[in-house]
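All remarks here apply to the structure that follows.
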Amino acid sequence: MKRISFFAWEVLVYNVFVIVFGAFVRATGAGAGCGSHWPLCNGVVIPRSPQIETLIEWTHRLTSGVTVLLIFVMLLWVWRVAWGEKKLRYAVLGSVFFILVESLIGAWLVLFGLVGENASMARAISMMAHLINTFLLLASLTGVAWFATFTFSSEIRNAKRVSGWLLGALGMLILGASGAIAALGDTLFPSSSLLEGLRADFDPLAHFLIRLRVFHPAIAVAVGGYLIFFIRYLVSREMSPWLRKIGYGVITLIITQWVLGIINVITLAPVGIQLFHLLLTTLVWIGYVIIGIFCWRGSHFSLRISEHPIHDGVNGTPA
């Protein structure tokens, strides 16, 4: 279990890297670098004398393929060592399902030309589905890593907390989908100035991707505000220092995201800021998934890979 735990956390971190790299492919317009071929690149396995766009897209496919391989290795490992652990089994099966869906969406985007300069409604819907599935994949991988590392000594499910967490999770999925639209609009229709961008956002004749991106900041404020309120509510009623640290860490990331979002708008969405924005988004989501595990399973848990239980700091009882 110790080795599975380390491997699962490494797979999670690697997958975050692949997600950010995928955003780099979109932001640089390199998604069409391999033409309309999939899984081959321009009809070959390894492109010869590739252009920079081809090299970027081919590298992204290679890193994505490694992700699929790692997740299937994790599935076989859990099957051999800990298949009787129901929560761990469900989490790894979820990871396999969502990585397969992720691959199919990627193939769909390439085979139907929904890359490069394509600004169709089909691409917008596909990008939103891609982002939502990515979040669900991250949630499953986080579950595998957490359940392989910790075991709960008692499980106390609070329906009110679970309902509140589910509402926040739904809000984050909507926020992520709107962020995918905003990023696509910024990539395909860049503005030369902040004033020009604001005018385009409210122009009824502007492309729908431009008019939709204005909703993302409003959704970010609403969802972020709810998450902060909900996490503070949990922390005020929970004595576990682990939940307190993770909760305040997520709140700090949310506030940082707000500031970064303002900078992103003022600086006209440069690629570097977009990638950092997405990285923080994935960290917020992972942290919030862990908070959800606390809501579903309680905060009393032990570290599997250590002989000593974790203590919650209250009367010396094991956490």
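The values are calculated or read from the model by the stated rules, or taken from the named source; none is laboratory data. Values in this document were obtained by computation on a predicted structure and should not be read as measured data. Here Cβ is always computed from backbone atoms with ideal geometry, including for glycine, and neighbour counts include all displayed protein chains. The protein model used for the area step is the full one, side chains on, heavy atoms only, and it has no ligands, DNA or RNA in it. Shrake-Rupley method; radii C 1.70, N 1.55, O 1.52, S 1.80 Å.
Here's the yes/no breakdown for (1) more than 26 Å from Thr54 (Cα to Cα); (2) modelled with pLDDT of 95 or more:
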| site | (1), (2) |
| --- | --- |
| Lys87 | yes, no |
| Ile99 | no, yes |
| Leu109 | no, no |
| Ala119 | no, no |
Discussion item. Which pairs turn up if I take residues in segment 104-126 that are in contact (Cβ under 8 Å) with a residue 12 or more places away in the chain and look for partners that are polar (S, T, N, Q) and in a helix (DSSP H, G or I) with beta carbon separation below 8 Å, at least 6 apart in sequence or on another chain?
Written reply: Ile105/Ser126; Ile105/Asn133; Gly106/Ser64; Trp108/Ser126; Leu109/Ser126; Leu114/Ser126
Worksheet entry | Residue that is modelled with the lowest pLDDT [pool: residues in segment 22-58 that are of a type in the set (Ser, Thr, Tyr) and surrounded by fewer than 16 Cβ atoms within 10 Å (Cβ to Cβ)] | Ser49
Worksheet item: So is Leu93 hydrophobic (A, V, I, L, M, F, W, C), surrounded by fewer than 21 Cβ atoms within 10 Å (Cβ to Cβ) and closer than 23 Å to Ile56 by Cα or not?
Response: no
Worksheet item: Ile19 versus (1) of a type outside the set (Ser, Thr, Tyr); (2) in a helix (DSSP H, G or I); (3) open to solvent by 30 Å² or more (accessible area, probe 1.4 Å); (4) in contact (Cβ under 8 Å) with a residue 60 or more places away in the chain: which is the lone unmet condition?
Response: (3)
Discussion item. Filter segment 99-122 down to the residues that are surrounded by fewer than 20 Cβ atoms within 10 Å (Cβ to Cβ), more than 26 Å from Leu283 (Cβ to Cβ) and within 21 Å of the chain's Cα centre (by Cα) and list them by number.
Written reply: Leu104, Ala107, Trp108
Worksheet, complete the sentence: Over segment 66-82, the set of residues open to solvent by less than 50 Å² (accessible area, probe 1.4 Å) and more than 12 Å from Tyr14 (Cβ to Cβ) is Leu75, Val78, Ala82
Worksheet item: Within the group Leu205, Leu175, which residue is at pLDDT below 90 and closer than 30 Å to Leu114 by Cα?
Response: Leu205
Worksheet item: Which of the following residues is open to solvent by less than 40 Å² (accessible area, probe 1.4 Å) and at pLDDT below 85: Gly287, Gly298, Gly249?
Response: Gly298
